[in-house]
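The values are calculated or read from the model by the stated rules, or taken from the named source; none is laboratory data. As the structure is a prediction and not an experimental result, all values here were calculated from the model. Counting neighbours? That spans all protein chains shown, and the Cβs are built from the backbone with ideal geometry, glycine included. Just so you know, the surface numbers come from the protein's heavy atoms only, side chains and all, with ligands and any DNA or RNA stripped out. Shrake-Rupley method; radii C 1.70, N 1.55, O 1.52, S 1.80 Å.
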Amino acid sequence: MKNARNSSFRDAQPGPSWLERLRISLGLRSSAEAGSAHDAIAPLDQAKRLAAALLSERGEASGAVVARELHDVLRDLGTDDRHRFHRHLAANFLPDAAALRVAAQAYLAGATAESAARLAQAADPPRQELLRRMNMATGGTSALVAMRKELTAHLRDEPALKSLDGDLKHLFASWFNRGFLELRRIDWQSPAALLDKLIAYEAVHEIQGWDDLRRRLAPDRRCFAFFHPALPGEPLIFVEVALVQGLAGAVQPLLVQDGDDDAARQRALRADTAIFYSISNCQDGLRGVSFGNFLIKQVVEELKAELPHLTRFSTLSPVPGFRRWLTATLADAGVSDAAALAELKTDGWWRDASRSEALRPWLMHQCATYLTRPVSSKPPIDPVARFHLGNGARLERINWLGNAAPRGIEESFGIMVNYLYDPGTIEANHETFAHDGAVVRSPEVDALIIARQRRESSAFVQLPG
């Protein structure tokens, strides 16, 4: 009886799992499973075989299982082997050349909706389908975002990787479209792990520890972020807002630490303006996937609903390309411009009131010229300006020494800009910028250009000393 029971027990044992059978069929054995280290399959080769299996019919049938196995292998690879796998993806899984040629010829022979669809299908690289199936595994989206982050570090030196980067960006644009994003307000009661990420991800005005963060989340401040269900607890982008009276022209007063919450609540009640003073993208792997345009417009709606007494919504933005443009533009400057440039190279000029005021009219005019150039101009329009003007904002005001921190001086001689988001004119402004390339701006900005033109003479304003 005992032997019979043991025999029945053995017969009842389940056979190899589907994944085990797959591993056996692909020859995926670790050195412990193999008879010798010589028989083991190298981890990189395992990843390549799993990728091929994932794209096969059996991968279609049990994609999540194969995708999870592939991600497990990739996670254990060293940096160099992961890079080799990226090259493998970029060089292989290409469209079928013969099928693409036939589809292209059919489209040229008769440009119908059907032939266009067949051409698009033939041109779609199998690599994109492989990436879609890799996304089926739990945590697949996060792993692919991390893959693109690693990948981007090599694009300049290895242009062949750009096809893989383009496929990932194309898929992310669909997977992270506005319909999947969730807007959340972040405050001092948010989980500590999330607050810690704000400190780490802040890209415009560095957060100097927890006390500084608490000030930025005070009752007269707001912080909103977009989240995606595939990346729980990870903000994609966040914006910091100050509730103030009037149009703020300098960032340092907004960052002054103040622990009086009651006073902050009173300031919020008196505020008539919301200043968006910092917007930070958090995921390097999602670079180029736009979230900010949706974020600002939705936050405006959120603030209008919560605080109906707010009448103005504006940014306080850096001008990151201004110094480079000015230096390049005036490389062969005349005597007066050369004198101004030389003065700007001296240490601490912005701390000396007489030197600063002497430079102010000239430099403000140059910045206004830089920011109002047509979109088609070379070099390209300032990236921050392009973002906000493309969203329908108006170039409202240019602020002298709006950021006297070292980074502000280095990028734009301390100048900062207000871009005004007027809900009633956003669409018209966007159309003007998108179709005509014209920068919608206030009379105050125009005055900076005109005043300098009227004053222009052979000599620059006399600099002190």
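Here are a few things to note about the model shown:
- ³J(HN,Hα) computed for each position of region 137-147 - Karplus, 6.51 cos²θ - 1.76 cosθ + 1.60, integer Hz, glycine/proline x: 6, 4, x, x, 4, 4, 5, 6, 4, 5, 4
- Dipole magnitude of the chain about its Cα centre (Cβ charges: Lys, Arg +1; Asp, Glu -1), debye to nearest 20: 680
- Note on residue 266 and residue 210: with the Förster distance fixed at 30 Å, the Cβ-Cβ geometry gives a FRET efficiency of about 0.80.
- Residue-level accessible surface for residue 169, protein heavy atoms, 1.4 Å, Å²: 80
- In the chain, a dipole from Cβ-located charges (positive for Lys and Arg, negative for Asp and Glu) runs towards its positive end, and of 163, 97, 419 it is 97 whose Cα lies farthest in that direction.
- Degrees between helix 63-76 axis and first principal axis of the chain (Cα, 0 to 90, nearest 10): 70
- Accessible surface of the chain, 1.4 Å probe, proportion on carbon and sulfur as whole %: 53
- Peptides 82-89, 181-188 ranked from most to least packed give 82-89, 181-188, packing being the mean of other C-beta atoms within 10 angstrom over each peptide's residues.
- Taking all protein chains together and rolling a 1.4 Å probe, residue 297 ends up with roughly 80 Å² accessible.
- Extending 7 Å from the Cα toward the beta-carbon at both residue 20 and residue 353 defines two label points whose distance is 8.4 nm.
- Principal-axis tilt of helix 113-123 within the chain, Cα atoms, nearest 10 degrees: 80
- Residues in region 207-224 carry Karplus couplings, in order, of 8, 8, x, 5, 5, 5, 4, 4, 4, 6, 10, 6, x, 9, 10, 9, 9, 10 Hz; the curve used is 6.51 cos²θ - 1.76 cosθ + 1.60 with θ = phi - 60°, and Gly or Pro positions show x.
- According to the Kirkwood relation over distinct C-alpha pairs, the hydrodynamic radius of region 95-222 is 18.8 Å.
- Simple spin-label estimate for residue 156 and residue 57 in nanometres, 7 Å along Cα-Cβ: 4.8
- Rolling a 1.4 Å probe across the protein heavy atoms gives the chain an accessible surface of 50 Å² per residue.
- Once backbone amide H atoms are built at 1.01 Å from N, residue 416 has 399, 401, 402, 403 as its partners under 5 Å, excluding neighbours fewer than 5 places away on the same chain.
- Net charge of Cβ neighbours under 11 Å - reference residue 139; Lys, Arg +1; Asp, Glu -1: +1
- Residue 134 contributes an accessible area of around 0 Å² to the protein surface, as traced by a 1.4 Å probe with all chains present.
- Projected-area average for region 373-421 over all orientations - Cα convex hull basis, square nanometres: 3.7
- The trypsin sites (Lys or Arg not before Pro) of region 308-376 meeting both criteria, a DSSP state outside H, G, I, E and B (loop) and at most 14 other C-beta atoms within 10 angstrom of the site's C-beta, are 345.
- 3J(HN,Hα) along region 388-401, derived from phi through the Karplus expression 6.51 cos²θ - 1.76 cosθ + 1.60 where θ = phi - 60°, amounts to 6, 5, x, 7, x, 7, 10, 5, 8, 7, 10, 10, 6, 6 Hz, with x in place of Gly and Pro.
- Taking a sphere under 12 Å around the Cβ of residue 311 and counting the other residues whose Cβ falls inside, with K and R at +1 and D and E at -1, yields a net charge of 0.
- Positive-pole candidate from 115, 144, 67, dipole of region 61-216, charges at beta carbon: 115
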